[in-house]
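First comes the structure, then the notes that go with it.
The values are calculated or read from the model by the stated rules, or taken from the named source; none is laboratory data. Since we're looking at a predicted model, the values are computed, not measured. FYI the Cβ positions are ideal-geometry reconstructions off the backbone, even for glycines, and counts take in every protein chain you see. Heavy atoms of the whole protein, side chains included, go into the accessibility calculation; ligands, DNA and RNA do not. Shrake-Rupley method; radii C 1.70, N 1.55, O 1.52, S 1.80 Å.
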Amino acid sequence: MTPAALADLLHAVAVDVLTERGLDTAALPDEVTVERPRNPEHGDYATNLALRSAKKAGVKPVDLADWLATKLTDTSAIASVEVAGPGFLNLRLAADAQAGIVADVLARGAGYGHTDALTGQTVNLEFVSANPTGPIHLGGTRWAAVGDALGRVLEAQGARVIREYYVNDAGAQIDRFAESLVAAAEGRPVPENGYGGAYVAEVAAKVVETEPGLLDQPEPEKLAAFKRLGVAVMLDEMRASLESFGTHFDVWSSELALHASGAVERSVQKLKDDDALYFADGAWWLRSTDHGDDKDRVVIKSDGTPAYIAGDIAYYRDKRARGADLAIYMLGADHHGYIHRLKAVAAAFGDDPDTVEVLIGQLVNLLRDGVPVKMAKRAGNIITLEDLVDAVGVDAARYTLTRSSVDQVLDIDLDLISRRTNENPVFYVQYAHARLSALARNAADLGVSAADPDLGLLGHPREGDLIRTLGEFPRVLSSAAALREPHRVARFLEELAGTYHRFYDTCRVLPQGDEEAGPLHTARLALCDATRTVLASGLGLLGVSAPERM
């Protein structure tokens, strides 16, 4: 019985209790809270259902708790119930009810914990979207890990997820990039406000190799060609870097293409026609203050040229036209102001502002012995995705970037995540899976099978701890998806690994010496198989491998 199933049971029992006493069942909360007590002596689970419902029902919390306890002890899934304090209920599950969790994991395999809660919903998930003017830096690398993991978590809840990269290939930054490429190709210094680093010369050389006579062309044609070809080279490198990092994008959208196709002009005209923009001081404005922005935003400047937000307007409309029910934008720490203006764009098209969600990610710092690390190579003054992967590997990079909430500045200790010790979280979790895989191999060598286990034999406290931890996985996945927080999966995996290690150190799984394998060995091996399945599934949701040997 998972916590969700226990919550359903508690609600059903509470309905019966109130109905039998002629009390209003509307007093019950929509969701019943079920938690694992910090002190195991207090039971397997605890609930404040009586405290939350008693006042509305017109009874004392302790009385309602007593009625619930009496009714619950009559159910086969509950071994005992204790009323504590002013009306808390501490519950212990029957062995068969706990065993049901293991059986469910074994039956559903990698699908355990997955639901259809978001089935029918298409989510457009835009992340990374770094300008194609240089390699992907650490901030973009964090989004590459977190965004991909979030997409996997949403898919585990039934959503159709479109992973999208928005290429900012128009504007002044691209112009400066092209000018920097030409300067590098001609052996001139970096232009003022231009781009430096070894990668610029490398890209420039590739452009010249593609079109050998390019440097002899007139300046306008030369700049245009370096812009077009230079962006193409950078995008190829970005795709390759992201794919090698395990992050795949379904769609690469071009800002330049939106302008060239007339989509920006058409989208702005649509808002004008719908009176969603207003004209003042020679410019067209979006009423973004109606949606929490600190000021209204200019869409068309007084000189008739579109402001940057005009592209955002067309891009949002394009996402919706392609079937997105929800548009999630994952942006950097300097984009906080985009939250309200993008919601205002949705409202301007008549959509619910909640059709747009904006997640803001904070910075990443690399440390060694507490001192910031300077390890940038090709990019000169920034640390890139390749720099991090070269230092610690894909698994350690992805796991470390994903295991913390993105609204926190992340300090990464390079020494720590390079160690093969239990202090390194990714090693700790992967080692648990490898240990379980070795156990499965040893069981096969001994001819011990987990087939037809009597899971009711799993009554040891360490077995119960492990089973109840497995039972938390569906709830963890649900909350990670609902709150857009894939780091919850990583933290759960660390808890599960620790619980397994403590179980293994206490409960012998395989027979020793001349001992014959018995039902308890079979049951414990089944529990280990279930644990290995959940560890592998959780690591997969983070895009991290589950090694069988380490």
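Key figures for this structure:
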item	result
Distant-in-sequence amide H partners of I162 (H built 1.01 Å from N, under 5 Å)	V123, N124, L125
Of the GluC sites (Glu not before Pro) in segment 121-225, those whose Cβ has at most 10 other Cβ within 10 Å and which sit in DSSP loop	E192
Chain lengthening between A283 and D354 when straightened (0.36 nm per residue, less Cα-Cα)	22.8 nm
With Cα atoms, 0 to 90° folded angle of helix 487-506 axis to the chain main axis	40 degrees
Structure-derived semi-axes √(5λ) of the Cα gyration tensor in Å: which label, when the choices are (1) 52, 33, 18; (2) 37, 32, 25; (3) 45, 30, 25	(1)
Among C507, A94, G171 the positive-end extreme of the charge dipole of the chain (Cβ point charges)	C507
Label-to-label distance, nm, for residues given as D24 and E209 (7 Å Cα→Cβ offset)	7.7 nm
D411 long-range amide H proximity, modeled H, under 5 Å	N365
Karplus-derived 3J(HN,Hα), 6.51/-1.76/1.60, for each residue of segment 249-258, Hz, glycine and proline x	10, 6, 9, 10, 9, 10, 4, 4, 5, 4
3J(HN,Hα) from dihedral phi, segment 42-48, Karplus parametrisation 6.51/-1.76/1.60, rounded to Hz, x for glycine, proline	7, x, 7, 9, 9, 9, 9
Accessible carbon and sulfur surface of the chain relative to its total accessible area, %, 1.4 Å	49 percent
Under 5 Å, built H, 5+ apart or other chain: amide partners of N48	T33
Residue-normalised accessible area of the chain, expressed per residue, 1.4 Å probe, Å²	44 Å²
Lysine pair count for segment 207-363 [Cα-Cα under 23 Å; pairs on different chains or 8 or more apart]	11
Farthest positive-ward along segment 1-133 dipole, Cα basis, beta-carbon charges - from Y112, P61, H11	P61
Net dipole in debye of segment 138-245 [+1 Lys, Arg Cβ; -1 Asp, Glu Cβ; about Cα centre; nearest 20]	460 debye
Sites D116 and A94 - FRET efficiency at Förster radius 41 Å, r taken between beta-carbons, to 0.05	0.90
Dipole moment magnitude, nearest 20 debye, segment 410-550 about Cα centre, only Lys, Arg, Asp, Glu C-beta charged	320 debye
Length added when fully stretched, E31-R420, from 0.36 nm per residue minus Cα-Cα	135.8 nm
Dipole-positive endmost among L535, P486, A497 within segment 418-550 (Cβ charges, Cα centre)	P486
Integer Hz, Karplus 6.51/-1.76/1.60 couplings in order for segment 25-37, x for Gly and Pro	6, 5, 5, 6, x, 5, 10, 8, 7, 10, 10, 8, x
Solvent-accessible surface (1.4 angstrom probe) belonging to E211, in square angstrom, nearest 10	60 Å²
Label-point separation, E548 to K374 (7 Å along Cα→Cβ), nm	4.7 nm
DSSP beta bridge pairing in the chain, given as percent antiparallel to the nearest 5	50 percent
Computed lengthening from K270 to N39, 0.36 nm per intervening residue step minus Cα-Cα distance	77.1 nm
Electrostatic dipole magnitude of the chain [Cβ: Lys, Arg +1; Asp, Glu -1; Cα centre; debye, to 20]	380 debye
Virtual spin-label span in nm between S80 and D216, 7 Å along Cα→Cβ	9.3 nm
Crossing angle, helix 198-210 versus the chain [Cα axis fit, 0-90 degrees, rounded to tens]	60 degrees
Helix axis angle, 61-72 relative to the chain longest principal axis, alpha carbon, degrees	70 degrees
